[in-house]
Structure formats: C-alpha cells, structure tokens
Amino acid sequence: MRAPSLALGAAAALCAAMPAAAQSSVTVFGVVDLAVQHLRGDGHLTRLESGALNGSRFGFKGQEDLGGGLAASFHLEAGINADTGRGRPNSINNVVETPGDFISFNRRSTVGLIGRFGEVRAGRDYTPVADNHTDFDVFGNSGNADSSLLTQALAIGLVAGRGVRTDVRASNAVVYVLPPDLGGFWGYGMYAIGENNNEPLPGFRGRDGGHRGARLGWEGAGLNVALAYGKSILASQDNLENVHLGGTYTWNDLQFFGQLSRERTTIDGVRHTNDAGALGLRYTIGVQAIKAQVVTSRIKRAGMESLGATAYALGYEYNLSLRTALYGAVVYVHNNARGTFDLGVPVAPGSSASGVQAGMRHSF
Amino acid sequence: MRAPSLALGAAAALCAAMPAAAQSSVTVFGVVDLAVQHLRGDGHLTRLESGALNGSRFGFKGQEDLGGGLAASFHLEAGINADTGRGRPNSINNVVETPGDFISFNRRSTVGLIGRFGEVRAGRDYTPVADNHTDFDVFGNSGNADSSLLTQALAIGLVAGRGVRTDVRASNAVVYVLPPDLGGFWGYGMYAIGENNNEPLPGFRGRDGGHRGARLGWEGAGLNVALAYGKSILASQDNLENVHLGGTYTWNDLQFFGQLSRERTTIDGVRHTNDAGALGLRYTIGVQAIKAQVVTSRIKRAGMESLGATAYALGYEYNLSLRTALYGAVVYVHNNARGTFDLGVPVAPGSSASGVQAGMRHSF
Amino acid sequence: MRAPSLALGAAAALCAAMPAAAQSSVTVFGVVDLAVQHLRGDGHLTRLESGALNGSRFGFKGQEDLGGGLAASFHLEAGINADTGRGRPNSINNVVETPGDFISFNRRSTVGLIGRFGEVRAGRDYTPVADNHTDFDVFGNSGNADSSLLTQALAIGLVAGRGVRTDVRASNAVVYVLPPDLGGFWGYGMYAIGENNNEPLPGFRGRDGGHRGARLGWEGAGLNVALAYGKSILASQDNLENVHLGGTYTWNDLQFFGQLSRERTTIDGVRHTNDAGALGLRYTIGVQAIKAQVVTSRIKRAGMESLGATAYALGYEYNLSLRTALYGAVVYVHNNARGTFDLGVPVAPGSSASGVQAGMRHSF
C-alpha cells in the first residue's frame, strides 16, 4: 500500500536479463542448552548455567545458488544465556567488550561469496586460532570442562584480568576459506580491520583492534590435524600472539584428541608466555559417549615466578536423538603453588577447584 | 567450506545406532498489539501503548518426538514494546531489573523433556502464582484493566516502590509439570535458584534471588479452579509471599471469573498485607465479547493506616479472525483516603484515576 | 502441558461463528550488506561498514486475509550493523536517541488493517518526508553516496550537532495510507504522539516528541513524482520543518532522479534554513547498473554567514541475482568556505572529503 518501489523499472529490466531467480530461503536454527552446576572453590555455588554442552543460540542462515559454480551465503547467529533469556558479550571494535545483557549476532554475522576459488566472507566471525582450540577439545570448549580455561588463559584475561576481545571472534573481519578437494588439505585466514586508529601503531604494523590469523589442516585416514596462528593488535597492552597445533584420530568407536598451545603477550611491561597442552578421548557406545580430558598449563612471567594448573575432566552424553542430548561432567582443577584457576568460585593461590554439571541440550 | 565438523565420526556412529531422526522444526510466532490510551489522574496523558489486549512478542518454539512417549521441547519468547520496537524488562538474578530497552527472551527461555511422568523444564519461565493471577483475570492482566495493579500491588512495588523481580517470571528456574489425565487435576511447581549468595540467608532457608512456587487446579463440568502459592527470597527486603485462589465457570456464552489473593512482605520493618479480590464476566456474542470486572484491594500496614482501592472495568472485543481482534476498554479506579493507585498519571492520595483504550491485536 | 487455556470456551464459540481462519503465516526476511570503505578528510580511515547499498536488517512480517476485502498486517524489522552483529539506534520518545548497541525493531514495528479505505497502521514507522528523500535518491540514502548528508543536514544534526529523532522514523505513530487505484495518485500521512508532556508546548500546538507528516504522489507514463512535508516537535530546540519535492522519470534503460528540499529550524535562537537539491541518473545494462548523482546544499543562518557543499558520486552495481549484488562507489564532497561536511573523517572548514567503497549485498 506504500508508494510503489522506485527500483521497479530497474528490477524489471533485471528480470528480463537473468535466469529465474532462486527462491528466497532462510533457515531458522538454534540451540537451547541448560545445566545445573555445582562449583567449588574456596566457597561453593549452585547455579543454572547456559551452554554447558553447546552454546545456546538462535540464528538465521541461508545460501543462494547463483549459477556458474557461484553461491551467496549469509549467517547471523546470536548467543543467548538461556537461564535468563539474555544475550552474550560482543565487541564493536575488538577492544572493549560489551556486557552480555543484550542480544546481538555476536557469534557470527557474515555475508559471503562461494566459488571454485573457495569462499570470501566479511563481518564478525570466529578467529582461526579459536576454532583450532575448540575443534580439538573433546568438550568443544563448553561447560565446566572447557580446556581453554588453561590453554587460552592470557587471551581470556584469567591472568592479570586483561582479556583480549578477539580471543574467540573478531568484528570488522574479512575471511578467505580455501576450496574443498585439495588432497585433504583445508584452511582459512582472517584479516580483521583495527578501526580505532587512523594511523598504524608505533612498532606494531597494525591498528588498535586488528587481528590476523590463519589455520591450515589436513584430513584423511581417520586423522585430522591443523596448525593455527592468531595475532591480536592492542594499543592498551601489547599484542597477543597464539600458536596452536591440534589433532584428532578416529579408530572405530574411539576418538583421540591432542592440543599444544603457546600464548604470548606483555602486560604492564612483564612478558607472559603460556605453554599448554591437552589430551582427550571420546568413546562412543551406540547413542552414548564417554569423554575424558587432561589439560595442563604453565605460564612463565619474566622476572617473576611462573604459575599453572592441571585440570582433569570426565564427561558423559546420552543422545536421545541427533538433536537432543542429556549430559553430565565432573572436573577437578589442581593449581600449582601460585595458580588461581577457578570454575566460577574464586580460590586462593594453590587451592584446588572442582565442578559437577548435569544438563540437557536441544538443537533446532 | 569451513573445516569439516570434528564430531562427524561420532555423529555417523550415532546415526547408525538410532532410528531416523525427526525433521528439524521450529515455529516462529508472535503478537503485535497496539492501542491508543487516554489516561487521567491528577493530569492526563494520551499515548500509543503496546500489549493492551495481549503482550506484544515474538519467539521461536518447537517440540521433537523422541519415541517411547518422550519428547523434547524448547521455547524462546521475547516481549516487545511495539510502539517503539524495543524490548521489555528482564532480570538476570531475580533481584535487579534491567530496563526494557533491549530485546531478550524475557517472557520465556526454556528447554524441557516431556514424558509419561509429565514435563521437566529449565530456564526462565512464568511463576505458578503469576499464572494464577493472569488466567483468572478476565482481561488477562493486560492493558489498563489489568487486575494485578491491585492484586499484586506489593510484588509490583506500587506500595513503597520496592518491586519483586519474580512477580511474573523467574530466571534460573527448574519447573515440573504434572502429566495430563489425572482425573481433571493439573498442576506444576517451580524452584528458581538464588544465584546471588553462596550461603543461605540467615533465617530465610534460601539464597537471595530464589523463588519457590506451586499451582494445583481441577477442571471439569465447565469449572476450572486453582490454588497457587509463591515465595520470593530477597536479601534487600523481606521475602514476599503470595497465595492466590482463582476460578472460572463457563455456562453457555457466559464465563464467570473470580479471584482471592493475599500478599505479604516486610518493607523497612513494617509488615504489609494485601488482601484483594476480583469478580469478572465475559459474555461472548458470536465474534464479539463483552468483559466486565471489579477488583478491590486493602493493604494493611502494621502500626500504620491501611490503604486500598476499587477498580471497575468494562471491555469489548471484536474478533475479525482467531488471530486478529479490535478492542476497547474503559477503567475507573476509586482510591480510598490513602490510596494512590494510578493508571500511568500519578494521583494524590484519595484521588481517582481513569483510562480509555482502543486498539488492535494481531497474532502470527 | 500447562493449564489449558482459559479462553478455550470463547475460542470455540468464535470458531463456530466465523469461517475457517486463515493459516498462520510469517515471513522471515532480511539483508546482509557489507563493504570495505576508505574515507578521506583531514586524515583517513579504512573500515568495514554495514549497509552501504541497503541497510542490513532482519525481520518478521505477514498479512492475513480477513475476508470482505479486509486484511490484517504486521511488520517487525530490526536494523543491524553486520560488521559487528549489533543493532542500530532507536528512539523511545522521538527525542532522545539510544545508541546502536542493542537490536530492536527500530526500522519498523507496526500492526495494521487494510481495506477498501486504504490502510491504517500504528507503531514505529518511516516518516513520509524521509521516504521522499530516500525514494528519489539514486543511492537510496545508503552508503557513502547518501544525499541526505546534505539534504537533511539539519535533521541529522550535522550542523550544530543537534539531531532530530524523527528525521527517518518515528515511534508512537499512527499512519494512514490511501487506497490504490486513485488514477495514479498515491499518498499517506503520519501523526506521531508526543508522549513526553501532558500539556501542549507553548506556541507549538503539539507535545514534545510529536511528528506530523504527509506525502502525496502521482505515477504514470514513466513518471513518478511526489511532494512531502514533515514537522518534528521538540521542546529542547525549535520544531524542525522539512518540505521535499522529488521525482523519477524512466526512459528505456535510463532512470532520471530529481530532488528539491527545504529544512527549517531554530537552534540557540538562530534561524537555520537548508535549501538543497540533487540530480541523479541510473543506467541499467542487463544485470549491471551505473549510477551518478550531484547534490548541493546551502544553509542560511540568520545574522551569520551561510555554509554549504556540493557532493559528486558515481556508483556501480553488478547483480548476481535479484537478491545478491556486488557494488562500488566513489564520492567527492566539495565544501564551500565554511562547510564542514565529511564522510566519517572530520574536515576543517572548506576542506574536501572523499570516499571509496566496494561491497556485497545479499537479501533473504
């Protein structure tokens, strides 16, 4: 009933000039995952927690066949805290994090073009190195058994409280993904624009809020192995670099997981290096699965004593369908003398932390 | 085009082990309801108001048949102010309310398992006692004729300005619903975790932000009657308790509504007790309906004079379809000598308030 | 599993009284549009920008046939910054703008009734005069070539930094749209309620935050021409009035665009008048299009020297389908001696600004 679209003439001409357009299509999808957790540190806490098996979310995505081997794709995905119905943190400039009060497409917001050359997409997306951390963690970096507590301790800001906003995802990014069928090789790279400064930072070859990352893998014969690198550019502290090597090997009902990771940054003039590793196992028995993982981390600090911890986790899944699972996990974190890693309840240096969780995940 | 999912092996094994999975399914639903209201107190105000017949909202929901009498369900529902396109208040911890600026799944955010045992679900949901208030109000606790203005005066914070964030819904909750076919009986209970304190509050047997509630009803022979109880646990003031008895009786085109309610709390050391009641009538004439309701409340305050009010409301609906209705209502609130109940325009103690509204509701 | 709906009796009666209800239906739609922009002023900036061809968004809309020539409609549309996945600014009261951090249905949030009389709808919607600006700009008021930079300089707040929150859309609005088939004439009017004051403003015949606007056009013989007027009522400064005349003429593959616009307001006691105009051309060659536009503006200020600028823009589109386009544009803004119009990087009075962009838009 509004004024007719003024692009009508142009659209009509367009119609005549090209083959019948693909049907409009959008997929609405999501996950609602909630668990009861009981966490112990120097005190204890019982809570309802969202996303302890897979992050709760909803989104819209789709792909359009453009003919000639080309396709367009879009992906909008919003994280939610299903215990309260609210959103998850995001970052507009890759430097300052906004609290998780409001819903945004913080998990992914991209448009892309797919062809024989691979895929080019732009927007907000996962960093390659964070994907490596997630894919080679038997718990998928979710819930109280998340290995990134130790392997990404510097990025998350667990040491010295200074988190990096591109530890998992980056805004203002351009991503290039290699095409499939490269003899088992696969990979992608990300260049996120630092939009906070007009000029490169002194000595940094980049602008505040930028990120560069790449990931290269090979899959075949039951093996999947990948190396990834990420560099976050920050004016407020030093850059943070992360190298991660991970792999899985599947043998019948057993799947083995391995990770080696190094993080480096300088905080208040002190060089920090976090060397971490993890070994995991997933044993599938019909619709059930048992998961186990050991993660260890040692953070060296120039001129100071190092700190670290080792975490032991055991998990169980009962898959009621491909979309619905009941699950549980127990985790124990052993801090070394100066370690203060916790699962939600603070601990004094050297104290241990533990957690139990039981929940349900449903995908749609 | 991204790295193939590493859970592929596990998923393939899962596929082999279980019957064909149910198709992915999600329902997108909502309500857009807008009315023009003219409200009078000591001044007057004309405004466009959202949700005067049914709260404006959108959401995603679905159910998956898991076989063997089991089903999984999820429900994400976000309230909106359709006059501006923005969200509605929510509470992350059941104590502090966030303003209604941003959209969240504040109305409901749950995942659940349904079986012969009934349903267990978790997340953010309606409290049982709030449902009793809503279901036995002929205006469904919406718009200017909402009886909870008087029956939930203490929970809403209309007296002494101290609202309770679990007056309608609670975050961090686990809900159990009785199965159907119990000889007309139905009911459910809620336990919301108080996540603000590690230790029980002295004398409270609970943690700040917790809520306990239950509702039991019987339906048959045109009658539907239910008793509900709710207790909100708050460190910042006293707990708030609410008992509510309500019912409807349907006789041909007439439906009678009745409510009896008691709220109790202590504010700044003063015991408050709100005894309220309402009688309502809905007369259906084909696609039209006429609604009438009288609500009265008297709030006793230990050592102080009591206050109260009586509200008279008349409403009309013209249903253009099952999804679309035009409607209107007039309301008059008679405050007693110390009563200051208003409809959006403040009144001096003892002054009356009134309101007129006309609008349209569309469901999708 | 919850208590059966208490409106069941009423609904059953309703069912019997009316023909089979239309099926529930909702369309999920949206746009993801991202471009890399390089902008120059007194410095320079490279950034990923959302919506440089069409504003990025998602939404829900639908229409229900009510029989007898009547239909109900709803439309919820949320703007997004696809570079970060976040929302776009909104205004709850048409006076104060909220930042674009959170997602809301800021673009449109309406419910309406359509009949032989036309359409009446309410909620948040585009102002008629803003539609005129957009429809007769060959760049659709998007991206770095947006002509409203000059033609709506007073409303946007580019002069004296005082923006008007109804420059594009208004909350709390009632809109009436003329029916089709009026011999080529079409039009609509808007009345947005000022909800900030109970009493009319002295000398303003309106309440703070109100807006009145109308638009009348004629289309035929390749011509589409329309006149629009809008008045925003603001207590904090003077009202802002905008008159806009625009048109297009389509001749084979060529489409000509023209605009004439006057804005008037008083800021800090100084009368401002912005006289602006634009000429544009769109040349369609199969799936490609070339766009060119010149915009000029002169802002007279009582007792002060006037300021102004002229902007030259050239654009290109390659439509991969009706839904997907690759595009680019270059823009040059020539400021007169006191002009400070920029494209994102500030300029000193009289300095020029320029911008280049290349991007991809996908609709779903």
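Derivation of every value follows stated rules applied to the coordinates shown; laboratory data play no part. Computed from a prediction, not measured in an experiment: that's the story for all the values here. Backbone-built Cβ (ideal geometry, glycine too); neighbour counts: all protein chains shown.
What to note about this one:
- Each other copy holds its own label point for B:G161; taking that point as 7 Å from Cα along Cα to Cβ, the gaps run 3.2, 3.3 nm, nearest first.
- Tail fraction, Cα-Cα pairs, region C:148-247, threshold 16 Å, whole percent: 61
- Shielding value for C:185-196 is 2, the average number of Cβ atoms from other chains within 10 Å of each residue's Cβ.
- Couplings for region B:248-258, taken from phi via the Karplus curve 6.51 cos²θ - 1.76 cosθ + 1.60 with θ = phi - 60°, read 10, 9, 9, 9, 6, 8, 9, 10, 9, 10, x Hz in order; Gly and Pro are left as x.
- In the protein assembly as shown, helical runs assigned H by DSSP with n ≥ 4 each contribute -39500 (n - 2.57); averaged across all residues and rounded to the nearest 500, the mean residue ellipticity at 222 nm is -1500 deg cm²/dmol.
- Karplus 3J(HN,Hα) series, Hz, for region C:210-216 with 6.51 cos²θ - 1.76 cosθ + 1.60 (x for Gly, Pro): x, 8, 10, x, 8, 8, 9
- When you restrict to C-alpha pairs under 8 Å that are six or more residues apart and normalise by the size of chain A, the relative contact order lands at 15 percent.
- Averaged over B:71-83, number of beta-carbon atoms from partner chains that fall within 10 Å: 6
- Positive minus negative residues near A:V331 (Lys, Arg vs Asp, Glu; Cβ under 12 Å): 0
- Charge tally around A:G210: other residues with Cβ under 12 Å, Lys/Arg +1 each, Asp/Glu -1 each, net +4.
- Fewest-first ranking of A:S148, B:S297, using other Cβ atoms within 10 Å as the exposure measure: A:S148, B:S297
- Net charge dipole, region A:194-326: roughly 140 debye, given to the nearest 20, about the Cα centre with Cβ charges of +1 for Lys and Arg and -1 for Asp and Glu.
- Taking B:S73, B:S25 and counting other C-beta atoms within 10 Å, the order from fewest to most: B:S25, B:S73
- Acute angle (nearest 10 degrees) that the helix C:8-17 long axis makes with the longest principal axis of chain C, alpha-carbon atoms: 90
- Here's the picture: charge each Lys and Arg Cβ at +1 and each Asp and Glu Cβ at -1 in region A:196-323, and of A:Y283, A:P202, A:A221 the one pushed furthest to the positive end of that dipole is A:P202.
- Residue and distance (whole Å) for the chain C Cβ nearest the axis that superposes C on B: C:F102, 2
- Here the Karplus curve 6.51 cos²θ - 1.76 cosθ + 1.60, taken at θ = phi - 60°, turns the phi angles of region A:155-161 into couplings of 5, 6, x, 6, 9, 6, x Hz, with x standing for Gly and Pro.
- What you get for the protein assembly as shown, charging only the Cβ of Lys and Arg (+1) and of Asp and Glu (-1), is a dipole of about 520 debye around the Cα centre.
- Cα-based radius of gyration of the protein assembly as shown once divided by 2.2 N^0.38 Å, which approximates compact folds: 0.97
- Cα gyration tensor shape for region C:234-289, rounded if a/c is under 1.5, else prolate or oblate: prolate
- Greater than 22 Å apart at Cα, pairs in B:K61/C:K61; A:K61/A:K291; B:K291/C:K61; A:K61/C:K61; B:K231/B:K291; C:K231/C:K291: A:K61/A:K291; B:K291/C:K61; B:K231/B:K291; C:K231/C:K291
- Region B:68-150 - convex hull of alpha carbons, volume per residue in Å³: 135
- Gain in span if fully extended, A:A221 to A:T27, counting 0.36 nm per residue against the direct Cα distance: 66.5 nm
- With its label point put 7 Å out from Cα toward Cβ, C:Y312 sits 7.5, 7.5 nm from the same residue's point in the other copies, in order from shortest.
- Normalising the average separation of contacting C-alpha pairs (under 8 angstrom, six or more residues apart) by the number of residues puts the relative contact order of region C:172-219 at 38 percent.
- Computed label-point distance, nm, for sites A:L254 and B:F185 using a 7 Å Cα→Cβ extension: 5.3
- Loop-located trypsin sites (Lys or Arg not before Pro) in region C:57-165 whose Cβ has at most 14 other Cβ within 10 Å (DSSP): C:R116
- Counting neighbouring beta carbons within 10 Å and listing from fewest to most, the residues A:H272, A:H133 come out as A:H272, A:H133.
- Rounded to the nearest 20 debye, the dipole magnitude of chain C is 240 debye, with +1 charges on Lys and Arg beta carbons, -1 on Asp and Glu beta carbons, and the Cα centre as origin.
- Amide proton proximity set for A:I92, modelled H, under 5 Å, gap of 5+: A:T98
- Each principal axis of the Cα cloud of region C:110-162 was evaluated for its coordinate range; sorted largest first, these ranges are 42, 26, 15 Å.
- A compact globular protein would have a Cα radius of gyration near 2.2 N^0.38 Å; the ratio found for chain A is 1.07.
- C:E199 label point (Cα plus 7 Å toward Cβ) to equivalent points in the other copies: 5.6, 5.6 nm, shortest first.
- Counting only other chain Cβ atoms within 10 Å of each residue's Cβ, the peptide A:323-330 averages 3.
- Summary value for region A:55-114: 34 percent relative contact order, contacts being C-alpha pairs under 8 angstrom separated by 6+ residues.
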